[in-house]
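Note sheet for the following structure.
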Amino acid sequence: MRISLTKAKRQSTDLTRSAEADSVPMQPNIDAKSRGMVLGTVRTIVSKKATASTSAARSQDFLYGKDVYPIDRGRSRRRALTPLSAPPGRHVV
């Protein structure tokens with residue numbers, strides 16, 4: 001969908017105005033018991049999703065070998081250019 005920037009700004013302004021006009025602060029009617037039940041349900045669902053797998057600190061270890069150097073998986077065959085191995089006339093930054 002392609003529209004002009006002016007038209008998009010106008011639509012955004014119109015949507016903002018209509019949302020502000022219709023917005024009425026609502027207070028939920030939740031007592032302490034209901035709130036506790038909802039929070040308990042959420043905690044149960046979240047605890048089931050949490051797994052005791054690899055921690056975030058070790059999640060990328062498969063990329064490195066035992067010698068702590070990156071494993072070459074055939075994706076990069078490009079040789080790193082150092083100032084001594086750079087071709088003549090080519091500057092290495």
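The values are calculated or read from the model by the stated rules, or taken from the named source; none is laboratory data. Keep in mind that what you see is a predicted model, and the values were worked out from it rather than measured. Methodologically, a virtual Cβ is constructed for each residue, glycine included, from the backbone with ideal geometry; neighbour enumeration extends over all protein chains shown.
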Original post:
Since R73 meets every condition but one in (1) assigned to a helix (DSSP H, G or I); (2) modelled with pLDDT under 80; (3) not acidic (D, E), which condition does it not meet?
Top reply: (1)
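This table checks each residue for (1) surrounded by 10 or more Cβ atoms within 10 Å (Cβ to Cβ); (2) more than 27 Å from the chain's Cα centre (by Cα); (3) modelled with pLDDT of 80 or more.
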residue	(1), (2), (3)
S18	yes, yes, yes
S23	no, yes, no
Q27	no, yes, no
G36	yes, yes, yes
T41	yes, no, yes
V46	no, no, yes
A50	no, no, no
T54	yes, no, no
Q60	no, no, yes
